[in-house]
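Chemist: Take a look at this one; I'll ask things after.
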Amino acid sequence: MAVRAVRGATQLEEDTREHMLARVAELVTDVMEANHLEVDDFISIIFTATSDLTSEFPAYAARQLGFSDVPLVCARELEIEGSMPRVVRLMAHVDADLPRSDVTHVYLHGAAHLRRDLTRTTSHD
């Protein structure tokens with residue numbers, strides 16, 4: 001096993017608690033499916049959110065998916081002029097047999113425009 005970092009992001013249409021929980025759960029689930037991961041494979045997850053998202057902690061969505069023993073932290077994204085609004089990003093550290101080149105990073109909804117250079121972008125729009 002090797003430690004790998006998996007990145008991802010999603011954009012919310014509105015800052016409501018229900019929408020935050022749904023979008024972050026979708027992101028975490030898609031990261032798991034794309035990389036054939038189980039909760040026990042996760043070492044930790046760092047979530048960041050843009051300053052216009054205040055309705056809920058993104059990590060709470062992961063807790064609801066069963067990440068009760070995985071260290072999770074939330075932080076504020078840098079406020080850069082012209083940056084995309086209502087975005088939650090994650091960086092997950094995982095134990096995986098995947099070569100680094102086979103790690104699938106997942107970008108959903110409007111956030112799919114952030115990193116077209118990565119192996120896979122996804123949009124559920």
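Only the coordinates and a few stated rules stand behind these numbers; no lab work does. What you see is a predicted model, and the numbers here were worked out from it, not measured in a lab. Here the Cβ is made from the backbone with ideal geometry for all residues, glycine too, and neighbour counts use every protein chain on show.
Chemist: In the stretch 20-125, what % of DSSP beta bridges are antiparallel (nearest 5)?
Modeler: 60
Chemist: Rg (Å, one decimal) plus Dmax (Å, integer) for the alpha carbons of the stretch 28-85?
Modeler: 13.0, 38
Chemist: Explain nothing, just the number: dipole magnitude of the stretch 2-113 about its Cα centre with +1 on each Lys and Arg Cβ and -1 on each Asp and Glu Cβ, in debye rounded to the nearest 20.
Modeler: In debye, rounded to 20, the stretch 2-113 gives about 220.
Chemist: Taking the 0 to 90 degree range and rounding to the nearest ten, how far is the long axis of helix 17-34 tilted relative to the main principal axis of the chain, both from C-alpha atoms?
Modeler: The answer is roughly 30 degrees.
Chemist: Could you tell me the convex hull volume per residue, in Å³, taken over the Cα atoms of the chain?
Modeler: Per residue, the Cα convex hull of the chain comes to 96 Å³.
Chemist: Over the Cα atoms of the stretch 43-115, how large are the radius of gyration and the largest Cα-Cα distance (Dmax), in Å?
Modeler: Radius of gyration, then largest Cα-Cα span, for the stretch 43-115: 13.5, 39 Å.
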